Amino acid sequence: DTAVSQTPKYLVTQMGNDKSIKCEQNLGHDTMYWYKQDSKKFLKIMFSYNNKELIINETVPNRFSPKSPDKAHLNLHINSLELGDSAVYFCASSQDGGSPSPLHFGNGTRLTVT
Amino acid sequence: KQEVTQIPAALSVPEGENLVLNCSFTDSAIYNLQWFRQDPGKGLTSLLLIQSSQREQTSGRLNASLDKSSGRSTLYIAASQPGDSATYLCAVRLKGGSARQLTFGSGTQLTVLP
């Protein structure tokens with residue numbers, strides 16, 4: 001009955017490859033997010049998406065693209081992986097309309113690019 | 001641009017002590033402030049959410065206060081236990097913004113020694 005689940009937990013891949021991370025939430029929330037946590041533990045938002053709009057942090061390279069097949073899923077695709085992409089990526093969800101709820105996070109995907 | 005700072009970066013205390021974690025933010029026009037806990041290899045767990053109109057929130061041994069005018073929040077943990085060991089992050093959402101505009105601090109790593 002995990003609220004926000006993301007897979008895989010660990011991902012090790014070589015430079016230049018294309019990879020995807022999946023995220024699903026069963027909370028009925030209307031908004032989902034992808035965050036990147038760097039080695040200094042700073043969390044920075046990459047994308048937020050609800051059924052109305054996708055908002056992209058302008059600092060995110062266009063090699064990163066979110067894909068949402070439905071409101072319960074927001075997958076992250078990364079093309080041409082680079083060493084600097086190594087980090088922990090967190091999916092999150094919230095109810096942004098009505099009475100906003102706290103963010104609920106997945107357990108993270110540790111990406112290592114070699 | 002909102003900046004969130006947490007001091008100290010790391011804290012080690014013996015079991016049973018009461019402790020205070022600090023969070024400061026530069027833009028006082030906030031909508032709410034949220035405290036999270038992050039365990040190693042895990043996602044973030046929401047602890048307390050304080051709306052801008054509130055001064056404090058309590059949950060069990062945790063008490064979070066908010067002083068918008070001075071741009072500060074504190075998280076008070078009473079009678080600390082080894083299970084409280086984790087990284088604690090605060091995040092601020094600006095007024096007029098949405099959860100996608102949360103700005104996180106870099107966290108305080110707490111170790112409670114048995």
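Across bins of 10 angstrom width beginning at 0, how are the C-alpha pair distances of the protein assembly as shown distributed, in whole percent? Percent of Cα pairs in each bin: 8, 33, 35, 20, 5, 0. Normalised by 2.2 N^0.38 Å, where N is the number of residues, the C-alpha radius of gyration of chain B stands at 1.01. Just to confirm the filter: which GluC sites (Glu not before Pro) across the stretch A:1-98 are DSSP coil and have at most 10 other Cβ within 10 angstrom of their Cβ? Passing sites in the stretch A:1-98 are A:Glu53, A:Glu58.
Remark: A:Thr31, B:Thr108, A:Thr59, A:Thr13 ranked as A:Thr59, A:Thr13, B:Thr108, A:Thr31, counting other beta-carbon atoms within 10 Å and listing the fewest first.
Run the dipole for chain A about the Cα centre, Lys and Arg Cβ at +1, Asp and Glu Cβ at -1, nothing else charged, and hand back the magnitude in debye, nearest 20.
Numbers: 12 positive and 11 negative charges, 59 e Å.
Here chain A has a charge dipole of around 280 debye.
Toward the positive end of the charge dipole of chain B, with +1 on the Cβ of Lys and Arg and -1 on the Cβ of Asp and Glu, the farthest Cα among B:Leu11, B:Thr103, B:Gly83 is that of B:Thr103.
Think of the stretch B:32-113 as having a plus end and a minus end, set by charges on the Cβ of Lys, Arg, Asp and Glu; of B:Leu66, B:Ser52, B:Gln38, B:Ser52 sits farthest toward the positive end of this dipole. Assuming charge only on the beta carbon of Lys and Arg (+1) and of Asp and Glu (-1), the dipole of the stretch B:7-72 about its Cα centre is about 140 debye to the nearest 20.
What separates the Cα centres of the stretch A:72-114 and the stretch A:1-36 is a distance of 5 Å.
With the convex hull drawn around the C-alpha atoms of chain A, the volume per residue stands at 99 Å³. Listed cross-link partners A:Lys9/B:Lys95; A:Lys9/B:Lys68; A:Lys19/B:Lys95; A:Lys9/A:Lys41 are compared with a 29 Å cut-off, the Cα-Cα value being larger for A:Lys9/B:Lys95; A:Lys9/B:Lys68; A:Lys19/B:Lys95.
Spin-label model, B:Arg61 to B:Ala78: label points 7 Å out along the Cα-to-beta-carbon direction sit 1.1 nm apart. Checking every one of the trypsin sites (Lys or Arg not before Pro) in the stretch A:24-67 against DSSP loop status and a limit of 11 other Cβ atoms within 10 Å picks out A:Lys40, A:Lys52. Taking 17 Å as the straight-line reach from the Cα of A:Lys40, the lysines in range (excluding those fewer than 8 positions away in the same chain) are B:Lys42. Couplings 3J(HN,Hα) of the stretch B:7-18, computed from phi: 10, x, 6, 8, 8, 10, 9, x, 3, x, 6, 8 Hz, in residue order, whole Hz [Karplus 6.51 cos²θ - 1.76 cosθ + 1.60, θ = phi - 60°; x for Gly and Pro]. Relative contact order for chain A: 38 percent, from Cα pairs under 8 Å spaced at least 6 residues apart, divided by residue count.
A short reminder: the numbers here are calculations on the coordinates, not readings from a lab. Because the structure is a prediction, the values reported are computed rather than measured. Glycine gets a Cβ as well: all are built from the backbone with ideal geometry, and neighbour counts include every protein chain shown.
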